[in-house]
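Have a look at the structure below, then the notes.
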Amino acid sequence: MRPLLKVENLVKHYAAGRSTRSKDRLAALDGVSLSIPSGETLALVGESGSGKSTLALCIACLETPTSGSISFEGIDVATLDENQQRLFRPQIQLVFQDPASSLNPRWTALEIVSEPFLVQRRFTKPDRTVRALQLLDRVAIPRKLAGRRADELSGGQKQRLAIARALALEPKLIILDEALSALDCSVQALIANLLLELQASLGLAYLFITHDFAMAAHLADRIAVMDRGRIVESGPTENILRSPNHEATRALLAAVPRFIESPSVLVTA
């Protein structure tokens, strides 16, 4: 069965400072390969600067890779022109770490969730309102908050709002880039359970980017560990947790005090 997303030997170079010489270019991604089937979650775990967010931007067609391929439903999206990518982008949505930086603080919750419909010129205004309210219901934001501005909402409510907006165009893949790391532990758990409920009901695939192995264990079917622009280890979640092979994996696991004897069980410190 063909995977929903397949990344093969992806390379992304950036210029070092003002130099234009090829030997002075920095490799943010150095031959990354991964795949995600429909309806499953791959956790991409690594320290800051390991290349996780660069990979996310390339997959979402917001950065152009230097080489390699990104196939989504069999189409190499890296080769599409700007107009073709614009039509394609609704199928892959991003949710970032800090919702406050991605939400217009002066807009109401209803306006924020309605915006994708407006940009894509979908539906009449009354239909946009109805659909936006349904999305707020789906992420458990009370309708009485629909008229509240984003800057009047709590951190957890803002992240729920960002998830609702990501769902608006019915994507098949959502990239969650450290989407839980700025939240309190209790709120993290609530949002994580919401993500699992949405995946079960909508058949979503997730690329869950994190440095937190405990949350990766809770959410992911498989884990890939990134270090210095490369995937150094990958496999089913249980296998990675029980028998980590790479030193980067072992170091990340050692930083998580929340595993008990059975690492498939997530406990709160």
Discussion item. If I go through the stretch 123-144 residue by residue, how many of them are surrounded by 15 or more Cβ atoms within 10 Å (Cβ to Cβ) and within 29 Å of ASN83 (Cα to Cα)?
Written reply: 6
Worksheet item: Quick one: would you say ARG230 is farther than 21 Å from GLN188 by Cβ and at pLDDT below 95?
Response: no
Discussion item. When the residues of the stretch 235-269 are narrowed to those that are part of a strand (DSSP E or B) and modelled with pLDDT of 95 or more, which ends up farthest from HIS218 (Cα to Cα)?
Written reply: GLY235
Worksheet item: ASP127: of a type in the set (D, E, K, R), more than 18 Å from the chain's Cα centre (by Cα) and under 27 Å from ILE231 (Cα atoms), yes or no?
Response: no
Worksheet, complete the sentence: Among helices (runs of 4 or more DSSP H) entirely within the stretch 1-117, at least 1 residues that are among the β-branched types (Val, Ile, Thr), in contact with a Gly (Cβ under 9 Å, 6 or more places away or on another chain) and touching a residue at least 12 places away in the same chain (Cβ under 8 Å) occur in 52-59
Worksheet item: Looking at (1) farther than 14 Å from LEU5 by Cα; (2) crowded, with 18+ Cβ neighbours inside 10 Å, can you tell me which one LEU118 breaks?
Response: (2)
Item to complete: Under 7 Å between Cβ atoms, at least 6 apart or on separate chains: pull out the pairs that start in the stretch 242-255 with a residue that is crowded, with 18+ Cβ neighbours inside 10 Å and end on any residue that is part of a helix (DSSP H, G or I).
Response: PRO244/ARG250; PRO244/LEU253; THR249/ILE240; LEU252/PHE213; LEU253/PHE213
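The values are calculated or read from the model by the stated rules, or taken from the named source; none is laboratory data. Not measured: the values here are computed from a predicted model. Using ideal geometry, Cβ is built from the backbone for each residue, glycine included, and neighbour counts are taken over all protein chains shown.
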